[in-house]
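*Asks:* This is the structure, below, for whatever I ask next.
The values are calculated or read from the model by the stated rules, or taken from the named source; none is laboratory data. All values reported here derive from a predicted model rather than from experimental measurement. For neighbour counting, all protein chains shown are included, and Cβ atoms are generated from backbone atoms with ideal geometry for every residue, glycine included. Side chains are part of the model used for accessible areas, which takes the heavy atoms of the whole protein and leaves out ligands, DNA and RNA. Shrake-Rupley method; radii C 1.70, N 1.55, O 1.52, S 1.80 Å.
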Amino acid sequence: MGCFGSKEKLSKEDLEFLKQHTRYDEQMIKEWYKGFRQDCPSGRLTPDKFVDMYKMFFPSGNAEEFCDHVFRTFDMDKNGYIDFKEFLLAIDVTSAGTPEEKLKWAFRMYDVDGNGVIDVSEMTKIVQAIYDMLGTNSASRPADSAEERAKAIFSKMDENNDGNLTQEEFLKGCLLDEELSKMLTPGA
């Protein structure tokens, strides 16, 4: 995936930062950057472009709602677009991260309001978005409703039954249940 056509180069500072904070070497970072700039000549990955990219992977489903949540999680500085640094940090975690790193990323995605806990309605929103993205005819789409699935997930994970999942409860629940972990980290 690329995002540039301009002659703009990756700054030394950004290159060094990415070498320290990702699993990629200098050559690979430069390759990713070249591709990013081909796809995003402005150096900014917009929400619309992001949805278009996801649609290629999930052509039979509606990826827009899910993309909104993923985009929000990738756009760490909340400026309305994803720059190359945010893009590569996200790619690194979702493709090469440890199970725990992927789950921490997923927790941020599920915590829609950013208050540090996930409630049942937030879980339902994301599960519904995943279902929509998979499409109605997908063999991998579960038979239960998003609401039923979200409530089942909650009953498994909410150890103190306070109606909220902390990051610790979320990680523990996912790490103990591989099927649940796979469902809650789509694309990761």
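Here's the yes/no breakdown for (1) at pLDDT below 80; (2) open to solvent by 30 Å² or more (accessible area, probe 1.4 Å); (3) within 21 Å of Ala63 (Cβ to Cβ):
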| site | (1), (2), (3) |
| --- | --- |
| Tyr110 | no, no, yes |
| Asn115 | no, yes, no |
| Glu122 | no, no, yes |
| Ala139 | yes, yes, yes |
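*Asks:* I need a count of the residues in segment 60-71 that are open to solvent by 60 Å² or more (accessible area, probe 1.4 Å) and closer than 17 Å to Ile126 by Cα.
*Replies:* Going through segment 60-71 one residue at a time, the tally reaches 4.
*Asks:* May I ask you to say which residue of Ile82, Ile91 is touching a strand residue (DSSP E or B) at 6+ places or on another chain (Cβ under 7 Å) and either β-branched (Val, Ile, Thr) or over 24 Å from Thr185 (Cα atoms) (or both)? Explain how you work it out, then say what you get.
*Replies:* Numbers: Ile91 fails: touching a strand residue (DSSP E or B) at 6+ places or on another chain (Cβ under 7 Å).
Selected residue: Ile82, the only one of Ile82, Ile91 that is touching a strand residue (DSSP E or B) at 6+ places or on another chain (Cβ under 7 Å) and either β-branched (Val, Ile, Thr) or over 24 Å from Thr185 (Cα atoms) (or both).
*Asks:* State yes or no: is Phe57 farther than 24 Å from Val127 by Cβ, touching a residue at least 40 places away in the same chain (Cβ under 8 Å) and not polar (S, T, N, Q)?
*Replies:* Taking the combined requirement at face value, the residue does not satisfy it.
*Asks:* Among the listed residues Ala143, Ala90, Ala129, which satisfies the condition of being touching a His at 6+ places or on another chain (Cβ under 9 Å) and not β-branched (Val, Ile, Thr)?
*Replies:* Working: Ala143 fails: touching a His at 6+ places or on another chain (Cβ under 9 Å); Ala90 fails: touching a His at 6+ places or on another chain (Cβ under 9 Å).
Only one candidate passes the filter, namely Ala129.
*Asks:* Among (1) within 12 Å of the chain's Cα centre (by Cα); (2) surrounded by fewer than 16 Cβ atoms within 10 Å (Cβ to Cβ), where does Phe74 come up short?
*Replies:* Only one criterion is unmet by Phe74, namely (2).
*Asks:* Right, next: Let me spell it out: the conditions are (1) basic (Lys, Arg); (2) without any contact (Cβ under 8 Å) to a residue 24 or more places away in the chain; (3) not in a helix (DSSP H, G or I), and Lys30 meets all of them except one. Which number is the exception?
*Replies:* (3)
*Asks:* Which pairs have Cβ atoms under 8 Å, sit 6 or more apart or on different chains, and link a residue in segment 152-179 that is over 14 Å from Ser121 (Cα atoms) and in the same structural domain as Arg108 (by the TED database) to one that is in a loop (DSSP other than H, G, I, E, B) and open to solvent by 100 Å² or more (accessible area, probe 1.4 Å)?
*Replies:* Correct list of pairs: Glu169/Glu159; Lys172/Glu159.
*Asks:* Also: Provide a single number: the residues in segment 153-173 that are in a helix (DSSP H, G or I), within 22 Å of the chain's Cα centre (by Cα) and either of a type in the set (S, T, N, Q) or within 19 Å of Gln128 (Cβ to Cβ) (or both).
*Replies:* To start, the set of residues in segment 153-173 that are in a helix (DSSP H, G or I) comprises 153-157, 167-173.
Those left that are additionally within 22 Å of the chain's Cα centre (by Cα): 153-154, 157, 167-173.
The next check asks that each one be either of a type in the set (S, T, N, Q) or within 19 Å of Gln128 (Cβ to Cβ) (or both); those that pass are 153-154, 157, 167, 170.
Selection size over segment 153-173: 5.
*Asks:* Kindly establish whether Arg108 is free of Cβ contacts under 8 Å to residues at least 60 places away in the same chain and closer than 30 Å to Gly173 by Cβ.
*Replies:* Against the criterion (free of Cβ contacts under 8 Å to residues at least 60 places away in the same chain and closer than 30 Å to Gly173 by Cβ), Arg108 qualifies.
*Asks:* Within segment 7-14, is even one residue out of contact with any Cys (no Cβ under 6 Å at 6 or more places or on another chain), among the polar types (S, T, N, Q) and under 25 Å from Cys174 (Cα atoms)? It would help to see each step written out before you state the result.
*Replies:* Step one: filter segment 7-14 for residues out of contact with any Cys (no Cβ under 6 Å at 6 or more places or on another chain), giving 7-14.
Next, only the ones that are among the polar types (S, T, N, Q) stay: 11.
Still in the running and under 25 Å from Cys174 (Cα atoms): none.
Taking every residue of segment 7-14 in turn, none turns out to be out of contact with any Cys (no Cβ under 6 Å at 6 or more places or on another chain), among the polar types (S, T, N, Q) and under 25 Å from Cys174 (Cα atoms).
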